[in-house]
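The values are calculated or read from the model by the stated rules, or taken from the named source; none is laboratory data. Fair warning: this is a prediction, and the values are worked out from it, not measured in the lab. Positions of Cβ are generated from backbone atoms using ideal geometry, with glycine treated the same way; all protein chains shown enter the neighbour counts. Calculation scope for accessible area: heavy atoms of the full protein, side chains included, ligands and nucleic acids excluded. Shrake-Rupley method; radii C 1.70, N 1.55, O 1.52, S 1.80 Å.
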Amino acid sequence: MIIAAVVLWSLAVAGVVSQSLPGEELPTPPPAGFSDPGGVLGKGSDAERRLAGMINVLERERGYQLFVVIHRSLISSNPNEMAAQLQQAWLPGGGGLVVVLESDTRELGFGRNLDAGEVMAAGEAGVPSYELVKIITKALADAANKEGVERPEVYIEAVVTEICLEMETYFARKAAPAESGSSLRLALITVGALSLLALCGMGLGWLIARADRRQSETRVFPETDVPERLGAPYGGGCGGSGSFGLGRKEIG
C-alpha cells in the first residue's frame, strides 16, 4: 500500500510539474530508449545491453515507448520534475512512459500524468493510469526482493526489468479478452445446454415411471352379498329367446 501511494503521488506530481516548470533545453530521446550518461551501469555493460534490448522489444512488439534515464545525482531538479519535462518533450501525445532514476538516492520519477483524457495518436499503445500504477507498484515490490539490490546498479536493472515484464504481461492480457471471452461464452452455453438436457431427461423419466406404475395397478371388484328372492339368489336364473314363425323355436 505504501509503494502504491508513493507511485500515485509521483504520477500526480509529474502531471502538475509538466505544466509549471519553465522551458529548458532538454536532450533528445535516446535511440535505444535508454540513457546512462554517468555510467552507473558501466559503459557498454551487459546490464545496459539487456535493458536496451527489453525496451526495444516492448516498442517493436507492443508499440509502447519506454524511456529510462539514469543519473547519479540531480542538483537543480529531482526525478519527478525531470521525468515530467522529458515526458512532455519526448511523448507529448502519450503512448509511452519516461522513467528517471537517481542512483544515489534510489528515487524514481515517472513522467506519465493521471489525465484520463490524454489524447493518443492513432496506432499508439496506451496504458491507463490505474494500470500504470499497478504495473509500477508490482515492479518495485518484486525488484526489492531480488538478491544483491543493495548495490545501485543491481537495483536499477531489477526495477527496469520488472517494469518491462509487467508491461508485457499487461499487453498480453489486453490482447486476450476477445478470444477468452468467446471461449467463456461457449463454455457457458455448453453447460446450459447440458443442464437443460439433463432436466428434460429427468422429467421424461418421471413421466415414464408414473405411466408404468399406473399400468401395473391391479383393480379388483369388491365382494357383494346377493339377497335371495323366492328361494333363489336375487338376480339369478337363466334367460332364453324364442322365435315364432315357420315352426322354428329356440329355447335357451
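Data for the structure
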quantity	calculated
Condition check for E24: open to solvent by 30 Å² or more (accessible area, probe 1.4 Å) and at pLDDT 90 or above	no
Complete set of residues in the range 76-106 that are aliphatic (A, V, I, L, M) and either farther than 16 Å from L26 by Cβ or part of a strand (DSSP E or B) (or both)	L97, V98, V99, V100, L101
